[in-house]
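Trainee: Following this message is one structure expressed as structure tokens.
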Amino acid sequence: MNYLYVLLFLLIFVACYIFVVRYYTKHELKKYKTGNKFRFKTKEFSFKDFISKHNFLKTKDLFLSKQGNPLRLDSIRYYLLKISLTIILIIAGIKNFSSFYVAVLLGLLGFFFLDIYIYFHKKSRDLVICSDLYNVINSLYLQLSANVPLKNALKFQFENCKNKEFRKAMIEFSTTYELSGYNIEKATNFLSNSFDITEINIFCNSLQELNSTNNITEILDNLSYSLQDKKIEQLKDSTRNKVVLITVGVIIALTNIIMLIFYPLFISIGKGFNNIFR
């Protein structure tokens, strides 16, 4: 009976979803036709074009792009994978455990699994980018202290970046700065909109203060000092991962050695007991 209830719930959900999609589509078509602004093209109109108009999908696309699109996810793949994992785990819970409550728990796990993965991916990625930003700020601080022009100091800062996404963003940042006629506000807006990291926003705000203050080196020095904790945390995180890998490798090696040494001994002892009690 529980299995039938779940199937009935899924059918109702799908039916409601299809009804809402069709209603919204008809509403949009009617609105464009009455305004004489819509030209219907059967080849260009697609499901992806339709759902891209939803605000929550645009928000999710923006969020995922700022996280570097983990697993190459966009809003469509994100929600499809989220729903698929939920349904699969619910069905697996019902079939394997024959319990509605276990199925609900597994369904919740499937529903929030992607969010948990993205959270830890963001945390690890932010540490690496902040470590690169720490190197960029120190390099920029030294060059500006030596009276190097900002346009020259920013040009090759991407060489201090190990993260591919941040390295690419720094290249585009310096290129935008040059092509915009050295408009620092336009360049920093691009960089801050590419990531959802507080330290990058502070860095961009510091560069924007260049035109209104002469103490930008002091601001960069303070920001560098605050990023030291992030740098230390990133080093601890990488060290911890290496220690875990080494520990697992040592355990596997010791297990193999123990099996190679003691397995023949156990076999001979077993044969001895068989001969004694035969």
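Trainee: Please report the net charge: other residues with Cβ closer than 12 Å to the Cβ of residue 208, K and R +1, D and E -1.
Mentor: Combined, the nearby Lys, Arg, Asp and Glu give -1.
Trainee: Next question, about the same structure. Please list the radius of gyration and Dmax for region 64-107, considering alpha-carbon atoms only, with Å as the unit.
Mentor: 13.7, 41
Trainee: Which whole number in µm²/s is D for region 167-221 by Stokes-Einstein, with the Kirkwood Rh taken over Cα pairs at 37 °C and 0.692 mPa s?
Mentor: Answer, rounded: 287 µm²/s.
Trainee: Ok, one more. How far apart, in nanometres, would the label points at residue 186 and residue 237 be if each is projected 7 angstrom from Cα along the Cα-to-Cβ direction?
Mentor: According to this spin-label approximation, the distance is 3.4 nm.
Trainee: For residue 155, what is the net charge nearby, where nearby means another residue's Cβ is under 13 Å from its Cβ and Lys, Arg count +1, Asp, Glu -1?
Mentor: -2
Trainee: What FRET efficiency comes out for the pair residue 152/residue 59, r = Cβ-Cβ distance, R0 = 35 Å, nearest 0.05?
Mentor: 0.35
Trainee: What Kirkwood hydrodynamic radius do you get for region 78-205 when you take the inverse of the mean 1/r over all pairs of distinct Cα atoms, in Å?
Mentor: Kirkwood hydrodynamic radius for region 78-205: 17.4 Å.
Trainee: Using only the Cα atoms, work out Rg/Rh for region 115-175, with Rh taken as the Kirkwood radius, to two decimals.
Mentor: 1.09
Trainee: In the structure displayed, which of 58/155; 66/231; 186/242; 60/231; 82/231 lie more than 31 Å apart, Cα to Cα?
Mentor: 58/155; 186/242; 82/231
Trainee: Related question: So what's the projected area for region 47-130, the Cα convex hull averaged over all directions, in nm²?
Mentor: Dividing the Cα hull surface by four gives the mean projection, 6.7 nm².
Rule-based calculations on the coordinates, nothing more; no lab input. Source: prediction; values computed, not measured. FYI the Cβ positions are ideal-geometry reconstructions off the backbone, even for glycines, and counts take in every protein chain you see.
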